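Let me begin by presenting the structure, written as structure tokens, before commenting on it.
Bear in mind these aren't lab numbers, they're just calculated from the coordinates by the rules spelled out. These figures come from a predicted structure and were not determined experimentally. Heads up, the Cβs are rebuilt from the backbone with ideal geometry, glycines too, and the neighbour counts pull from every protein chain shown.
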Amino acid sequence: MSAIGTLATLDMGPIPVVVLGLYMVMLIGLGVLGYLRSKTSEEDYYLAGRGQGVLVTALTIMATFFSSAAMMGIPGLIYKDGTAFLFFVLNLPVSGAIIYLLGSRIRRIGQARGYVTPADMLADYYGGSAVLRLLVALVGFLYVIPYIVMQIKAGGYLAQRLFPDAGGLIVMGHEYGAFEVGTIVLSVLTMLYVLIGGMRSVAWTDVIQGLLLLSGMLLAGLATVMAMGGVRSYFEALQQLPPEARSMPGVSGAWSPWKLLTICIFASLATMIQPGQWMRYYAAKSTKTLQRSALIFALVLPGCFLFGVMVVGLGARVLYPPAMVDGILLPHAMIGSSAGEFDQVVVAMLQQHVPLLLGVGIGTIAVSVILVSVMAASMSTADSNLHALSAVLTRDVYDRFLRPQASERERAWFGRIVIVVATLFSLWLVGLGESNAGFQPLALIASLMFVAIGFSCQLLPLALDCLFVRRGTKAGAIWGMISGILVVFLFTPFPTLLLGSEVTSTWTGITGQLGRLFDIGFCGLVVNATVFALVSRFTTPPPAEHIAAFARDADPR
Amino acid sequence: MVNTPATHSPPSVRLRRGLLAAFLFALFMGAGPGLYLINGYAREGGTILGMPALYAWAVGWCAVEAALVLAAYLLIWRKQPE
């Protein structure tokens, strides 16, 4: 543990600014390049001509999957709860398998029928239902917005850490601190390259961001092990963890085996069928592309977690143990000052130890590169979600219900307006969360992640029915989704905010108990699937020839 | 040409089912109730190959899952038609 003990914050000078600047210029360059290579069609803007190869597909799926949660939320939970949350990693091979098992069928149908959004496929299968299309679009919206919010927040945290002594920026009489500047820069930059080049720019930047992210995760783990004196010393140090931090259900008592199991199965499924990923299956060149992407995902990512950022979270748990203050678990002062700052563990650890280990010059460059990878993790997810939301609202709402006569050019402009409005709305939500310390919905990145995934999980019964089972009906799908969305909504703090705690106390007690036992999305899914099956039992299915044609398109064997 | 009895599954179906069962077993053991087998030992500070018991358990079962995905790719997926 050679480096421990010298904990003063090091002055990193202008290096982080230079590295960040280069990274941003590169992103805009790729955005412009994507624009120059693009064609004017809507399909090209949203799916890059359905011709993405293995490298781009694998890395854009990975980069979309790993948001700021990968570099901040998940190591933050490990720092807070100890080894119990390590088992989250077992969802990665599951997700990899889903890329092929579901993705290849989605791609085939999408290619055969020209689909762009998830609702294109699901609404078409269930007889072109307008209500269903709107519900699927709503699920997309409910998934995407929390995800964009958490990415923007990560940009703010990063700026706070990188430039702790920076004075405020005064614009039109309002002073913006480092956090606000960070959130604005991340969101505006992301918005710009998505606006310029659509899916092509998003996917190309995802390749760079994915590579940065993977190497950043591993470098962060390596730096922590080196800082703690090597592999043997690292594992010996972990023996100092208190019993509750080295066993289930973790320090907070939140991670029971059943909850972890439902997360590993259902959160994986939900994450891999969210609108951004679904559109990446449509955009893949071939089934082989998805097979190889699935394999790369399942083999590479678990290593980056288990030997990368998770190592950092556990190391920090030993070096800077959180403390209970007035009944609230708070991070060590070196990591953060409030319950919402567990997320900053990777950034804080690297800043403390890498320059001491590698020398200030090389160390500062290494830290800057890794911190840029934190930003890359955030941007690569924000861009995919903004892009997917634009497709969903343009094709599933504007084109179908508001202006069916709109030209392709008009739709393209509407899609770009959606990107701008969604970015501003998410920024406003981040600001709201920061100005109201008690506004729990935006407190922790990881909790936002599980709520978003819970909503996305409600697409699962429809997707599985449409791709494999084919026994559901339109009415079953609609009532199932409504039930599932409502159940997930009950798990969020919003009912209490809207109706007051007196009205909601009974069901918050129930949801609190269930939430400790199982994944939120799984709870909604059980109700959704039950209602779906029951209503489908007594209502009329789509015509047999329609189902047969769909089955042929999904799997021509 | 010899007719296969209706009850006999073709090898690929059996292989698929076998891999799926093994995968679900790995999930159940790794991130599910199988954890109860190791949790007491982990709580007492037990180690496996020098690693804290739960850490080693996560690495081990994750490796099994990844190996099963690799097997599925090599033995089944690759042979599927485009």
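At-a-glance table
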| item | result |
| --- | --- |
| Cα centroid separation - region A:207-281 against region A:318-394, whole Å | 14 |
| Exposure proxy ranking, count of Cβ atoms within 10 Å, fewest first, for A:Val311, A:Val300 | A:Val300, A:Val311 |
| Stokes-Einstein D for the protein assembly as shown, Kirkwood Rh over Cα pairs, 4 °C, 1.567 mPa s (µm²/s) | 52 |
| Cα centroid separation - region A:65-107 against region A:139-182, whole Å | 25 |
| Partner chain coverage, peptide B:61-68 - average Cβ within 10 angstrom | 6 |
| Two-decimal Rg/Rh across region A:122-261, once Rg and the Kirkwood Rh are taken from alpha-carbon atoms | 1.09 |
| Least to most buried among A:Phe66, A:Phe538, A:Phe425 (fewest other Cβ within 10 Å first) | A:Phe538, A:Phe425, A:Phe66 |
| Value in Å of the Kirkwood radius, where region A:225-327 supplies the Cα pairs that are averaged | 17.0 |
| Expected-Rg normalisation [2.2 N^0.38 Å, Cα atoms] applied to region A:150-217 | 1.30 |
| When each of A:Lys39/A:Lys153; A:Lys39/B:Lys79; A:Lys80/A:Lys259; A:Lys259/A:Lys285 is checked by Cα-Cα distance, pairs over 25 Å | A:Lys39/A:Lys153; A:Lys39/B:Lys79; A:Lys259/A:Lys285 |
| DSSP H segments from chain A that extend 20 Å or more along their own axis, Cα-based, with Kyte-Doolittle mean of 0.0 or above | A:15-37, A:130-162, A:178-227, A:287-304, A:360-391, A:408-435, A:474-491, A:520-537 |
| Lys, Arg +1 and Asp, Glu -1 on Cβ, resulting dipole of region A:1-156 about Cα centre, debye, nearest 20 | 340 |
| Spatially proximal aspartates and glutamates relative to A:Lys288 (Cα-Cα < 12 Å; intrachain offsets below 8 disregarded) | B:Glu82 |
| Which of A:His387, A:His546, A:His174 has the fewest Cβ neighbours within 10 Å, and the rest in rising order | A:His174, A:His546, A:His387 |
| Dipole magnitude of region B:10-82, debye to nearest 20 (Cβ charges: Lys/Arg +1, Asp/Glu -1, about Cα centre) | 320 |
| Rounded tilt (10° steps) of B:11-31 against the dominant C-alpha axis of chain B | 10 |
| Inverse of mean 1/r across different Cα pairs in region B:19-76, Kirkwood, Å | 12.0 |
